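Q: Got a structure for you, questions after.
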Amino acid sequence: MLGSVPRLNPAVRWNELDSGQTLVVYEKGPFGPVKWLRKLFAAPEVTELLLDELGAKVVGQIDGRRTVGDLIAYVAKEFRLSRRESEVALLKYMDMLGRRNLVGFEVRGTGEAR
Amino acid sequence: MTRSKASTTFTPFGWHGLECEVPEAWELACYDGAYDAGYASLDDGVDMRLQVRWNRVRNRPKLLEGALKRYERSLKKAAKGTLRFEAGDPGFVPKRHREGRDLAAFRWEGDTAAEGLAWYSHATGRLVMVEVLFRGRGVDKALARRVLGSARDHRDDGRRLWAVYGFAFLAPDHYNLERPELAPGRLRFELRAGSHAWLRVERWAMASQWLDKASIEEWPRELVKLLGLAPRGALEQEEARVGKHRACRFTQAVGRGRLGRRQRVTGLVWTCPEDDKVFVVMAGGGAEDLAEEVAATIVCA
């Protein structure tokens, strides 16, 4: 995991706001009965997520080259956290972004994206 | 923090009275138990590097020998017999750390190798086992001896060192850790002595973010609220100093329910801009100046 490279989903709109926050606009998962229910009740297909300044800073570091390990080191340095604290915080954050399909992870060496 | 010949920076690790100096990159990864019995391990981000186990036992003949034999058996069973275990010489332990302890050194080698030190402390009645682990790399005896030689399970000044993730403080040794909350960005130690006296020590990272929302003078009110105890009377606040930093000292009478026991909560909150941290020490039901005493032991940038 630490050696994998996070990549931003190109289908997602990442709008940087003047406040330092980032507004993420993305389509909801297009599968299964949930989509059918959404259509039935005319629920919006698109959803928004507001990343705070700290979250936006971390996303700003995702450039398709930096590994998760590099991002942990960045968080530790930028926010003056211990290695373990930044590791726990960043992995949780990456998990949240990954679950929403906002970020994918390329496993180095295989070129395989997950 | 000290520096070794090979320019490794060492930092203190302190947990339930056990303390030693470890390379700065080694951080607490896992913990369990309390003062009487428990376990802690530290890793370097990749591999486990230090394991500590302790157990309060009644001293009896050949206690240490028996404990090491049992440990050897369990290691060999797990490794299916492919492990070499041998006794070592604890002569590397400084004389000042040998007094009051029955010591035994050991080493083992399988997929992972370890240099270890076990002792029975007559002062605390605890049997302690500390191991420095080397996985997929040669055994660095000098490093192991540096770490093991600094290990002890109590201090002589009546205090206990709590030191993890670059945060360290000393608390009276009759205060036991009741609940640690080691969340990213906020470390909180809740210690208790008996049924009434308590101590809470906290370190909040990213202070500038928090202070944008509330100034340091607004913190005491919020901190008292978070205790979940009903305030009785007004919150008293005054300016103080902790080291080179301006601090806010506060006192609040609190009680639980109408007939609940009342107590005075005293506390100090201050910020270190260089470190971008907020520190909080609060105490109740014990010595009036406990918060001040503990706060004075916290070192920041």
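Q: Among the numbered criteria (1) at pLDDT 95 or above; (2) surrounded by fewer than 16 Cβ atoms within 10 Å (Cβ to Cβ), which one does B:Arg84 miss?
A: Looking at each condition in turn, B:Arg84 falls short on (1).
Q: I'd like the residue in region A:70-82 that is within 13 Å of chain B (Cβ to nearest Cβ) and in contact with a helix residue (DSSP H, G or I) (Cβ under 6 Å, 6 or more places away or on another chain) and, out of all such residues, is nearest to A:Ser4 (Cα to Cα).
A: A:Ile72
Q: I've got another one for you. Where in region B:156-222 are there strands (runs of 3 or more DSSP E), lying fully within it, with 2 or more residues that are of a type in the set (Lys, Arg), closer than 26 Å to B:Gly285 by Cα and out of contact with any helix residue (DSSP H, G or I) (no Cβ under 7 Å at 6 or more places or on another chain)? So that I can check it myself, show each step before the final result.
A: Values: elements: B:159-164, B:167-172, B:176-183, B:186-193, B:197-205.
By residue number, B:159-164, B:186-193, B:197-205.
Q: Let me ask another. Please go through region A:36-69 and give me each residue that is more than 10 Å from chain B (Cβ to nearest Cβ), crowded, with 17+ Cβ neighbours inside 10 Å and assigned to a helix (DSSP H, G or I), ordered by number.
A: Filtering region A:36-69 down to residues more than 10 Å from chain B (Cβ to nearest Cβ) leaves A:36-51, A:55-68.
Adding the requirement that they be crowded, with 17+ Cβ neighbours inside 10 Å leaves A:51, A:55-56, A:58-59, A:62, A:67-68.
Correct list: A:Gly55, A:Ala56, A:Val58, A:Val59, A:Val68.
Q: Right, next: Can B:Gly267 be described as buried (at least 19 other Cβ atoms within 10 Å of the Cβ), on the phi < 0 side of the Ramachandran plot, small (Gly, Ala, Ser) and not in a strand (DSSP E or B)?
A: no
Q: A follow-up question, please. Restricting attention to region B:194-216, which residues are more than 22 Å from the chain's Cα centre (by Cα), under 22 Å from B:Ala291 (Cα atoms) and within 11 Å of chain A (Cβ to nearest Cβ)?
A: Hit for region B:194-216 is B:Ala207, nothing else.
Q: Tell me yes or no: at least one residue of region B:166-176 is in contact with a Leu (Cβ under 6 Å, 6 or more places away or on another chain), farther than 21 Å from B:Val265 by Cα and not polar (S, T, N, Q).
A: Yes, because at least one residue in region B:166-176 is in contact with a Leu (Cβ under 6 Å, 6 or more places away or on another chain), farther than 21 Å from B:Val265 by Cα and not polar (S, T, N, Q).
Q: Among the residues of region B:200-218, is any closer than 17 Å to B:Gly17 by Cα and aliphatic (A, V, I, L, M)?
A: yes
Q: Would it be correct to say that B:Pro172 is within 14 Å of chain A (Cβ to nearest Cβ) and at negative phi?
A: Details: within 14 Å of chain A (Cβ to nearest Cβ): no; at negative phi: yes.
Judged against the criteria, B:Pro172 is not a match.
Q: Can you tell me which residues in region B:1-28 are in a strand (DSSP E or B) and at pLDDT below 95? Full working, then the answer.
A: The initial filter retains those residues of region B:1-28 that are in a strand (DSSP E or B), namely B:2-3, B:9-15, B:18-23, B:27-28.
B:Thr2, B:Arg3, B:Thr9, listed by residue number.
The values are calculated or read from the model by the stated rules, or taken from the named source; none is laboratory data. Only a predicted model underlies this, so the values are computations on that prediction, with no experimental measurement involved. Cβ coordinates were reconstructed from backbone atoms using ideal geometry, including for glycine residues, and neighbour counts include every protein chain displayed.
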